[in-house]
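Q: Here it is: the structure, laid out below.
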Amino acid sequence: MNLLKATGTIGGLTLMSRVLGLVRDSLFARMVGAGFASDAFLVAFRLPNMFRALFAEGAFASAFVPMFNQKVADAQGRGLPDGIAFAEAALSVLLPVLIAMTVLLEIFAWPVTWALSGRFHGVSPDQFAFAVKLSRLTIPYLMLISLVSLLGGILNSLHKFWVNAAAPILLNLTLIGALLFFHSPDPFETARNQALAVTVSGALQLAWLAHAAYRNGVSLRPHWPRFTPEVKRLMALIWPAAAGAGAVQINLVISTALAASLLDHGSVTYIYMADRLNQLPLGLIGIALGTVLLPTISRLLGAGDEAGAMETQNRGLEIALLLTLPATVGLVFCGEPIAAALFGYGRYTALDTTHTAQALAAFSIGLPSYILVKVLTPGYYARHDTKTPVRFATISMGVNLALNLILILPLRHMGPPLATAIASTVNVWLLYATLVKRGHFALDSRLRHRAWRLGVAALTMGAVLWISQPWLMPYTHGSWFVRLTAMGALVGGGVFVYGLASFALGAFGVEDLKLLRRRRVSAEK
């Protein structure tokens with residue numbers, strides 16, 4: 001499997017999804033603005049988002065995929081039929097749990113919403129009841145996306161990465177459709193329709209994955225639940241894997257709850273919009289790399305190729321730095337024109353745009369850490385170690401909570417994002433240091449040679465973009481065509497300067513790119 005090609009395939013589809021997500025958020029900002037209606041929907045939307053990260057990018061990817069791969073690759077077994085039998089056993093146990101969890105969350109939606117929002121800041125009982133209603137509309141998505149994640153994990157193991165990567169596109173298309181065809185002059189009504197559209201999108205994603213799985217010879221038929229030794233092992237791995245991979249999301253939930261309870265209305269929206277921009281490179285790079293690295297490293301370790309696994313992880317880290325460092329510098333230095341071009345019109349005021357850019361700068365400081373978590377954790381999960389990442393994630397969450405309490409009042413809407421960024425950096429350092437201590441990872445000479453040069457190239461790009469901002473800002477408030485042209489000039493200019501600086505500093509060369517494109521990671525099939 002070509003690591004760069006597979007990452008590019010997933011990254012390309014994720015890019016499409018993220019672009020559609022930005023279109024959705026731009027429409028939402030225009031029609032709902034930044035106030036209690038938007039905050040209420042975004043708090044209700046935070047729980048489904050968290051479960052998507054915990055299960056799609058966490059538990060099923062990190063616990064289920066290695067076990068399913070082992071079944072399929074077992075030379076003494078029957079290959080795919082054994083893998084399907086294991087998946088059916090897992091589904092038979094998980095489905096009743098998911099149904100029961102959904103029913104309980106619907107019943108206890110009031111305390112769940114209170115926990116996610118701190119009951120908001122200065123709201124009436126009727127306003128809080130509206131927020132609870134939105135939560136009840138989005139809760140069924142949790143069960144649907146968990147089933148999507150199970151099927152997606154199977155397809156990823158069969159190297160059908162693109163199918164699962166394309167599923168979130170349906171979420172964004174559904175929400176965009178609801179905004180275009182079911183919006184209302186009343187922002188509260190528009191927010192309610194968005195909450196309903198979230199669950200509709202979950203049903204569409206499940207249908208898409210089920211159809212793709214059937215076409216690839218996978219048809220799961222749940223039966224009476226039986227806790228086989230393999231299912232018990234999966235259940236023992238799945239919850240710590242979810243918490244470990246979802247540390248960033250859990251930190252964001254904490255940040256959202258504190259912002260909703262302690263800050264003015266609209267603050268949750270500023271933080272959410274900033275996080276959405278920050279999630280663009282995270283989705284393109286981190287999720288794509290994590291999706292490809294885990295099954296690849298699992299197969300290499302299963303074949304006894306420790307050197308190949310370490311080489312693969314070094315190249316994953318190299319790709320992450322190559323793409324992440326310029327994104328980080330760009331979002332920190334150019335948050336104002338980006339936020340203005342995407343959100344600064346309709347009900348979203350100039351002050352809202354400025355506050356969003358400030359939150360974005362704070363979030364983006366931690367962007368390399370958010371992505372490196374996705375690169376480093378496969379080194380644990382491929383060895384069936386889910387306890388260590390969850391221990392480090394717990395420490396990270398403690399750091400995040402402490403920093404939130406310290407920073408939220410003096411820094412307002414910048415406090416929670418900065419706390420999240422610092423906490424994620426702590427998590428990455430713990431993951432990296434432990435892998436090195438165990439002898440499971442070491443930076444090779446190629447990566448050490450290039451890492452600092454890529455950093456200097458990114459800072460050079462940032463300086464050029466910072467100087468050019470006064471000429472760019474007037475074009476971020478025009479028509480859609482003018483805004484897109486301004487963003488194209490910003491991104492295109494940044495890519496040109498970064499590429500030129502990288503080649504000038506010797507961080508990357510043409511031959512290196514050709515070699516990386518041709519590189520194949522050999523693994524036992």
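Derivation of every value follows stated rules applied to the coordinates shown; laboratory data play no part. Values in this document were obtained by computation on a predicted structure and should not be read as measured data. Methodologically, a virtual Cβ is constructed for each residue, glycine included, from the backbone with ideal geometry; neighbour enumeration extends over all protein chains shown.
Q: Give me the base-10 log of I(q)/I(0) for the chain at each q in 0.09 Å⁻¹, Debye formula, one uniform scatterer per Cα, rounded to two decimals.
A: Here log10 of I(q) over I(0) equals -0.62.
Q: Next question. Please go through the stretch 179-224 and write out the chymotrypsin sites (Phe, Trp or Tyr not before Pro) that DSSP classes as loop and that have at most 15 other C-beta atoms within 10 Å.
A: When the chymotrypsin sites (Phe, Trp or Tyr not before Pro) of the stretch 179-224 are filtered for loop state and at most 15 Cβ neighbours within 10 Å, PHE182 remain.
Q: What does the convex hull of the Cα atoms of the stretch 129-207 come to per residue, in Å³, rounded to a whole number?
A: Here the figure is 69 Å³ per residue.
Q: Using a simple spin-label model with points 7 Å from Cα along the Cα→Cβ vector, what separation in nm is obtained for ALA350 and ALA203?
A: Simple spin-label model gives 4.5 nm for this pair.
Q: Give the peptides 421-427, 382-388 in descending order of average Cβ contacts within 10 Å, highest first.
A: Peptide ranking by packing, descending: 421-427, 382-388.
Q: When the chain is fully extended, how far beyond the present Cα-Cα distance does LYS437 get from ALA210, taking 0.36 nm per residue of separation?
A: This chain segment gains 77.5 nm when fully extended.
Q: With the cut-off at 23 Å, tell me which of the pairs LYS374/LYS437; LYS232/LYS387; LYS232/LYS374; LYS71/LYS160; LYS160/LYS374; LYS160/LYS232 have Cα atoms farther apart than that.
A: Those over the limit are LYS232/LYS374; LYS160/LYS232.
Q: Also: May I ask for the distance between the Cα centers of the stretch 299-338 and the stretch 123-201, given as a whole number of Å?
A: Spelled out, the Cα-based centre of one part sits 29 Å from the other.
Q: Separate question: Place a +1 charge on the Cβ of each Lys and Arg in the stretch 3-518 and a -1 charge on the Cβ of each Asp and Glu, then give the dipole magnitude about the Cα centre in debye, rounded to the nearest 20.
A: 760
Q: Projected onto the charge dipole of the chain (+1 at Lys/Arg Cβ, -1 at Asp/Glu Cβ, origin at the Cα centre), which of ILE154, GLY217, PHE128 gives the Cα projection farthest towards the positive end?
A: Going by the charge dipole, the pick is GLY217.
Q: Something else now. In the stretch 3-518, with Lys and Arg counted as +1 and Asp and Glu as -1 at Cβ, which of these residues, VAL390, LEU47, LEU104, has the Cα nearest the positive end of the dipole, that is, farthest along it?
A: Sorting the options by dipole projection puts first VAL390.
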